[in-house]
Every structure is written in structure tokens, then in C-alpha cells.
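Asker: I'd like to ask some things about the structure below.
Just so you know, all these numbers are worked out from the coordinates, no wet-lab data involved. These figures come from a predicted structure and were not determined experimentally. Here Cβ is always computed from backbone atoms with ideal geometry, including for glycine, and neighbour counts include all displayed protein chains.
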């Protein structure tokens with residue numbers, strides 16, 4: 001089913017909209033939330049919360065890209081659950097490691113909110129658009145999908161050391177770009 005048809009179901013307030021969204025994007029949403037939460041039960045709750053939030057958001061909003069729209073919702077929901085669970089346990093897991101890496105170049109303790117700010121997002125998008133395709137994919141896998149360095153290395157047939165160096169250079173380049181634009 002096409003996204004436009006799914007959006008029409010939401011517009012009509014048909015409960016079939018959620019079932020169709022789940023059928024088309026359920027695994028995608030689950031994978032985003034699981035990479036952040038690393039817990040099946042919490043991930044399932046997060047995905048269900050995403051459907052609820054989507055139902056309450058469409059209408060009035062009608063996104064141009066449904067996958068990106070619901071991907072963003074599930075990601076924010078998962079980060080909210082993660083923060084609530086690990087407030088006292090700083091340094092826990094891959095999520096904190098990835099966020100602390102980005103904090104070095106963005107200079108903000110609340111990286112998720114900073115990434116959502118319009119100007120910063122625009123600068124990051126431009127930076128990634130001007131980057132080599134493989135490097136861009138590595139960056140997105142690490143900082144959007146919160147993949148471990150080991151997983152990225154396996155995916156690209158590289159050593160973990162090579163991935164770490166590449167990501168470090170990307171972060172340095174991003175930091176310079178953000179500084180150039182006066183965003184940090």
C-alpha cells in the first residue's frame with residue numbers, strides 16, 4: 001500500500017491506518033527503537049506509543065514522507081524512555097556513547113533536541129550531502145540508528161579502528177562546519 005493511501009486512511013480516521021502502518025513500517029520502527037532501548041518489551045511499547053502519537057498527529061499534519069515522519073516519532077519516544085530509565089546510570093550502553101561522541105562537536109548535553117533545531121539540522125544535512133556516500137552512511141548508522149562501531153565495521157567490511165577514525169574525522173568536520181556557521 002502506498003503512503004498516500006495510508007495517509008488517506010488516517011484522514012478518514014480509519015483504524016485500518018494503524019494496521020497498514022504496522023504492516024509496512026513495523027519492522028523499521030522496531031529496529032530504530034530497539035537500537036536505542038535494547039529491550040524487547042520496552043521497544044514494543046515504544047512502537048505502540050508511536051502509533052498512538054501518529055494517530056493523534058495525522059490529521060492535522062500530513063507528512064510528505066511517512067517513513068521519516070514516524071521514524072522521527074519512534075526515535076524521540078525511544079530516547080524519552082531511555083532518558084527516564086537511565087537518568088541515574090550515565091554512561092550506560094551504546095546510546096550514551098554515541099551521544100557523547102556527538103556532544104564533543106555540537107557542545108550541548110541534550111543532543112536530541114539540538115539535532116532537531118532547524119538551523120543545526122540544515123547545517124548537518126548540508127555537511128552530510130557534501131560527504132562521501134559511504135562516510136555519510138556510516139555517520140547516519142551511528143548517530144541516527146545508533147549502530148555500534150562493530151556492527152558498522154561488519155556492514156562495510158572494515159576494521160573497527162577504521163570506522164572509529166572515519167567517524168572521528170566526520171565529527172571534527174561537522175564541528176568545524178557548525179562553528180563556521182556560528183551554531184556552536
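Asker: May I ask you to order 45-57, 131-143 by the average number of other C-beta atoms within 10 Å around their residues, highest value first?
Answerer: Answer by packing, highest mean first, reads 45-57, 131-143.
Asker: Moving to a separate point now. Decide, for the stretch 3-86, between rounded, prolate and oblate: order the square roots of the alpha carbon gyration tensor eigenvalues as a ≥ b ≥ c, take rounded if a/c falls under 1.5, and otherwise choose prolate if a/b is larger than b/c, else oblate.
Answerer: Prolate shape, in that a/c is at least 1.5 and a/b is the bigger ratio.
Asker: Taking the number of other C-beta atoms within 10 Å as the exposure measure, put 76, 168 in order starting with the fewest.
Answerer: Details: 76 16, 168 13.
Ordered from fewest to most neighbouring Cβ atoms within 10 Å, 76, 168 come out as 168, 76.
Asker: List the relative contact order of the stretch 3-86 as a percent without decimals, with contacts defined as Cα pairs under 8 Å and 6+ residues apart.
Answerer: 36 percent
Asker: At what distance in nm do the modelled label points of residue 72 and residue 144 sit from each other, each positioned 7 Å from its Cα along Cα→Cβ?
Answerer: The two pseudo-label positions are separated by 1.2 nm.
Asker: What order do you get for 124-130, 78-84 when each peptide is scored by the mean count of other beta carbon atoms within 10 Å, highest first?
Answerer: 78-84, 124-130
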